[in-house]
Amino acid sequence: MAIPDGVKGAPDWLPPAAGRFDAVETAFLTTARLAGYERVRTPVFEHTEVFLRSVGESTDIVQKEMYTFRDKGDRSLTLRPEGTAGIVRAALQAGVPRTGGLPVKWSYAGEFFRHERPQAGRQRQFNQVGVEALGSDDPVLDAEVVLAGWEALRRAGLRAVTLLVNNLGDREDRADYLDRLNRYLDGVEALPPEADERRRLNPLRAFDAKAPGMAAIMAGAPLLPDHVSPAAKEHVETVLRLLDAEGVPYTVAPRLVRGLDYYTRTTFEFQAGGLGAQNAVGGGGRYDGLAEDLGWPERFPGVGWALGVDRTLLALRDAGEPSAARVAAFVVATDAELTGRAFALASALRRAGVATDLAFGGRSLKAQLKAADRSGATWALLLGPSEAERGVVTVKELRTGDQREVPAAGVVAELAGA
Ligand code: HAM
């Protein structure tokens, strides 16, 4: 019988790649924690309407990429294609807007699902780390969020990142601009049918229509940032001034609309080279109308980003990072009689906080030393009959080959303190 394959587009993460995955996720979450963002966890599925109302009916995500199914109670549920909608839903459900102490600053990490055509950097199950700051209009918060994303990618080891920033203004100010854009698109002679269909749902979507010739068509289109309100203009200018002061380089990108409909004012994307078409490693922005889209009676603004763990790893792969050592110590018993002692020594080291391994299956001394080398350990601890008799352990520095004897009673304390 053939072994069933894993689901297409849903990767398995095995060592050593899974270790690098954890390191990237930790770097992102650490950066968020240092800026005062607290961890939250929301479910991987939501009522479908959460995404219909927030991500937006005109987006590729809602149009064709959601994993939607009916449960046994005939409710329509969807595996989360992104995190922001569920986080805002959870905040509203918990009554956060009325609790005071705003903004709340939250971070999250986990699996997300989009039924896309799998290719490098585009999966059906992927991982994001995100931050969402809810309940404040302050542009300083936008600057904090953008800067945290920039720092998070650096902390993960990614240097060559391009930051694009746009101003999508406030929704209530958009009607006039959308009329203009529609008039422009009406005047285009051969608008590709796919682009025409998208813009009927949301004219802004014409900016991310991929049909051939669209880039040239949109090059002449009126630009949203030229038509935003003075307040929205001042808001994003403040954000950019703060980024300037921090020395964060960015490119103003007046055609950046991103793949989700909820954005207002500050909108941004982090791109990395070497990823081809999938060059966005992360993105985000303000979403001041999202809570109301979900049915909340008052304004409850927010700003955040999500960084893709998978794509960051792809971008780092070119940098050829060495994989981290699996353990610090490796216990080698030169005699089968000493297996019990080796096991006890490994257990004591682990208890003292020293990551330790040993060989299994009664392997030869040579095979055990090879396993020690392969583990990446700093030290091999050799236990032979002569050592056992004298109550010592031979500590071999695997990088240099130097070795010395240490009293068995003190070896755990010594390595734990090293
Ligand atoms: P997004 O741009 O749709 O934004 O996704 C953020 C990141 O997730 C992307 O830049 C990419 O690295 C990764 N990603 C998305 N789809 C895939 C895929 N199919 N395969 C691999 N990686 C993928 C959001 O999701 C918003 N919720 C971000 C946000 C938070 N905006 C405000 N707050």
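State to the nearest 20 debye the size of the charge dipole of the chain about its Cα centre, where the only charges are +1 on K and R beta carbons and -1 on D and E beta carbons.
Charge dipole of the chain: 1080 debye, to the nearest 20.
Which aspartates and glutamates have a Cα less than 12 Å from the Cα of Lys396, not counting those fewer than 8 places away in the same chain?
Asp373, Glu405
Using each residue's phi in region 400-408, evaluate 6.51 cos²θ - 1.76 cosθ + 1.60 at θ = phi - 60° and report the 3J(HN,Hα) Karplus result to the nearest Hz, with x for Gly and Pro.
Going residue by residue, I get 9, x, 5, 9, 8, 9, 10, x, 4 Hz, with x marking Gly and Pro.
Under 20 Å between alpha carbons, and skipping anything fewer than 8 positions from Lys210 in its own chain: which lysines qualify?
Candidates past the 8-residue exclusion: Lys64.
Please determine, in degrees from 0 to 90 and to the nearest 10, the orientation of helix 365-375 with respect to the longest principal axis defined by the Cα atoms of the chain, where the helix direction is its Cα long axis.
20 degrees
Using a simple spin-label model with points 7 Å from Cα along the Cα→Cβ vector, what separation in nm is obtained for Arg33 and Ala418?
Each label point lies 7 Å from its Cα, and together they span 2.7 nm.
What distance in nm lies between label points placed 7 Å from Cα along the C-beta direction at Glu194 and Thr339?
6.2 nm
Which of rounded, prolate, oblate describes the chain, given a ≥ b ≥ c as roots of the alpha-carbon gyration tensor eigenvalues and a/c under 1.5 marking rounded, otherwise prolate only if a/b is larger than b/c?
prolate
Of Asp288, Asp261, Asp244, Asp176, how do they rank once you tally other Cβ atoms within 10 Å and put the fewest first?
Fewest to most other Cβ atoms nearby, the residues stand as Asp176, Asp244, Asp288, Asp261.
Taking the dipole about the Cα centre of the chain, with the C-beta of Lys and Arg at +1 and of Asp and Glu at -1, give me whichever of Leu147, Leu398, Ala388 is farthest to the positive side.
Sorting the options by dipole projection puts first Ala388.
In region 324-418, which chymotrypsin sites (Phe, Trp or Tyr not before Pro) fall in coil by DSSP and have 16 or fewer other Cβ atoms within 10 Å?
Those that pass, being in a loop and sparsely packed, are Phe360.
Expressed as an acute angle from 0 to 90° and rounded to the nearest 10, what is the orientation of the C-alpha long axis of helix 339-351 relative to the principal long axis of the chain?
40 degrees
List the trypsin sites (Lys or Arg not before Pro) within region 42-74 that DSSP assigns to loop and that have no more than 15 neighbouring Cβ atoms inside 10 Å.
Lys72
Taking the Cα centre of region 329-416 as origin, work out the dipole magnitude from +1 charges on Lys and Arg Cβ and -1 charges on Asp and Glu Cβ, in debye rounded to 20.
The calculation lands at about 260 debye.
Order of Arg89, Arg41 from fewest to most other C-beta atoms within 10 Å?
Arg41, Arg89
So who's got an amide H within less than 5 Å of the one on Thr264, skipping anything under 5 residues away but keeping other chains? H placed 1.01 Å off N, in plane.
Arg286, Tyr287, Asp288
Taking neighbour counts of Cβ atoms within 10 Å as a proxy for exposure, in what order, fewest first, do His115, His235 appear?
Starting with the residue having the fewest Cβ neighbours, the order is His115, His235.
Please list 3J(HN,Hα) in residue order for region 298-309, calculated via the Karplus relation 6.51 cos²θ - 1.76 cosθ + 1.60 where θ = phi - 60°; whole Hz, with x for glycine and proline.
Using θ = phi - 60°, the values come out as 10, 5, 8, x, x, 8, x, 8, 10, 10, x, 5 Hz.
For the chain, what does the helix formula give at 222 nm: sum of -39500 (n - 2.57) over DSSP H segments with n ≥ 4, over the residue count, nearest 500 deg cm²/dmol?
When only DSSP H runs of four or more count, the value is -10500 deg cm²/dmol.
Mind giving me the FRET efficiency for Thr238 and Ala120? R0 is 22 Å, r the Cβ-Cβ distance, nearest 0.05 is fine.
It comes to 0.05.
Taking the 0 to 90 degree range and rounding to the nearest ten, how far is the long axis of helix 230-245 tilted relative to the main principal axis of the chain, both from C-alpha atoms?
It is inclined by approximately 30 degrees.
Could you state the number of Å between the C-alpha centres of region 233-256 and region 359-410?
56 Å
Among Ala272, Thr312, Gly100, whose Cα projects farthest towards the positive end of the dipole of the chain, with charges put on the beta-carbon of Lys, Arg (+1) and Asp, Glu (-1)?
Result: Thr312, furthest along the dipole toward the positive end.
Post the alpha-carbon centroid distance, region 85-113 to region 55-73, in whole angstrom.
One Cα centre to the other: 21 Å.
Which trypsin sites (Lys or Arg not before Pro) from region 124-220 combine a DSSP loop assignment with at most 12 other Cβ atoms within 10 Å?
Arg159, Lys210
When only Cα pairs under 8 Å and 6 or more residues apart are kept, what is the percent relative contact order across region 329-416?
With pairs under 8 Å counted, the relative contact order is 32 percent.
Report the extension gain between Ala231 and Asp138 in nm, rounded to one decimal, defined as 0.36 nm multiplied by the number of residues separating them, less their alpha carbon distance.
Going from the current span to full extension adds 32.3 nm.
Placing unit charges on C-beta atoms (Lys and Arg positive, Asp and Glu negative, everything else neutral), compute the dipole magnitude of region 112-252 about its Cα centre in debye, rounded to 20.
Dipole about the Cα centre, nearest 20: 860 debye.
Which shape class applies to region 329-416: rounded if a/c is under 1.5, otherwise prolate when a/b exceeds b/c and oblate if not, where a ≥ b ≥ c are the square roots of the Cα gyration tensor eigenvalues?
It is rounded, given that a/c, with a ≥ b ≥ c, falls under 1.5.
Remind me, relative contact order of region 54-124 in percent, using alpha carbon pairs under 8 angstrom and six or more residues apart?
30 percent
Amide H to amide H, which residues 5 or more places from Phe45 or on other chains are under 5 Å from it, using H placed in the peptide plane?
Here Arg80 satisfy the definition.
Using the charge dipole of the chain (Lys, Arg: +1 at Cβ; Asp, Glu: -1 at Cβ; taken about the Cα centre), state which of Val188, Leu224, Gly284 has its Cα farthest towards the positive end.
Comparing the listed Cα positions along the dipole, Gly284 ranks first.
No lab work stands behind these numbers, since they all come straight from the coordinates. Source: prediction; values computed, not measured. Note that each Cβ is placed from the backbone with ideal geometry, even for glycine, and that neighbours are counted across all protein chains shown.
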